[in-house]
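Please read the structure below before turning to the comments.
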Amino acid sequence: MNFLEERIKKDGIVKEGNILKVDSFLNHQMDIELFNEMGKEFQRRFEGKEINKILTIEASGIGIACIAAQYFHAPVVFAKKAKSINLDGDMYVAEVVSFTHKNVNQVIVSKKFLNKEDKVLIIDDFLANGCALQGLIQIVQEAGASVEGIGIAVEKGFQPGGHMIRNLGYQLESLAIIDGMDAETGTINFRKQG
């Protein structure tokens, strides 16, 4: 069992509806030492890739992406979920369905921060159905940039997102893959990874 799986077993809470609460260390209160370990592991898994930009989506992916970015010496760009008066100029826009919030968001990245020279590592906290990743991949493709890899903290392996993204040919590295959860017993079953 790896460091993230151990932390999920210790502090994660399984709720009805295939919800895993990890807000005490991952996506509300953030454990920066844990994020640091995650950043090192992403660097190890994407070693040899020429990455010059990290892309994530607001809000929960930002902390992980920022800590990981230190290991790639690359800036972080995050897709915004709401248009703001501060956003100006041309933008890439994709529609994303949120599993957690049960709504559709338009995600936006300014064209000045993503271009055809960029070799992008996408990072996010969760992967369930893959909608957020599809939106980010679409934005990278529109920019003419390349997706060099995708790093996920927690993948719900019993939902279709991971399978779908891997079938598209991307190097998808999830630090913890959950194959099943039981809200009644609080049990979490992790997929064995090489």
Q | Criterion (of a type in the set (Lys, Arg) and more than 20 Å from ARG45 (Cα to Cα)) met by exactly one of LYS116, LYS192 | A | LYS116
Q. Among all residue pairs at least 6 apart or on different chains, which show Cβ distances below 7 Å where the first residue, located in region 164-190, is exposed (fewer than 15 other Cβ atoms within 10 Å of the Cβ) and the second is basic (Lys, Arg) and part of a loop (DSSP other than H, G, I, E, B)?
A. ASP179/ARG191
Q. How about region 110-142: which of its residues are over 26 Å from HIS163 (Cβ atoms) and not hydroxyl-bearing (Ser, Thr, Tyr)?
A. LYS111, LYS112, PHE113, LEU114, ASN115, LYS116, GLU117, ASP118
Q: Please specify each residue of region 1-33 satisfying the condition of being in contact with a helix residue (DSSP H, G or I) (Cβ under 6 Å, 6 or more places away or on another chain) and either within 14 Å of ILE64 (Cα to Cα) or of a type in the set (Asp, Glu) (or both).
A: PHE25, ASN27, MET30
Q) Take the residues of region 97-121 that are modelled with pLDDT under 90 and among the hydroxyl-bearing types (Ser, Thr, Tyr): which is surrounded by the most Cβ atoms within 10 Å (Cβ to Cβ)? A) SER98
Q: Would you confirm whether any residue within region 148-155 is at pLDDT 95 or above, surrounded by 15 or more Cβ atoms within 10 Å (Cβ to Cβ) and assigned to a loop (DSSP other than H, G, I, E, B)?
A: no
Q.
Being assigned to a loop (DSSP other than H, G, I, E, B), under 14 Å from GLU58 (Cα atoms) and open to solvent by less than 70 Å² (accessible area, probe 1.4 Å) is true for just one of ALA82, ALA94. Which residue is that?
A. ALA82
Q | Tally, over region 1-16, of residues that are without any contact (Cβ under 8 Å) to a residue 60 or more places away in the chain and over 18 Å from ARG191 (Cα atoms) | A | 1
Q: Name every residue in region 8-33 that is assigned to a loop (DSSP other than H, G, I, E, B) and open to solvent by less than 70 Å² (accessible area, probe 1.4 Å), in order of residue number.
A: GLY12, GLY17, ASN18, VAL22, ASP23, SER24, PHE25, LEU26, ASN27, ASP31
Q.
Can you say whether GLU47 is closer than 20 Å to GLN193 by Cβ, in a loop (DSSP other than H, G, I, E, B) and among the charged types (D, E, K, R), as far as the supplied structure shows?
A. yes
**Q.** Checking GLY194 against (1) under 16 Å from GLU5 (Cα atoms); (2) among the small types (Gly, Ala, Ser); (3) not in a loop (DSSP other than H, G, I, E, B), the condition it does not meet
**A.** (3)
Q: Of the numbered conditions (1) part of a helix (DSSP H, G or I); (2) out of contact with any strand residue (DSSP E or B) (no Cβ under 6 Å at 6 or more places or on another chain), PHE42 fails exactly one; give the number of that condition.
A: (2)
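The values are calculated or read from the model by the stated rules, or taken from the named source; none is laboratory data. The shown structure was predicted, so the numbers you read here are calculated from the model rather than taken from an experiment. Note that each Cβ is placed from the backbone with ideal geometry, even for glycine, and that neighbours are counted across all protein chains shown. Heads up: the accessible areas ignore ligands, DNA and RNA and are worked out on the full protein's heavy atoms, side chains in. Shrake-Rupley method; radii C 1.70, N 1.55, O 1.52, S 1.80 Å.
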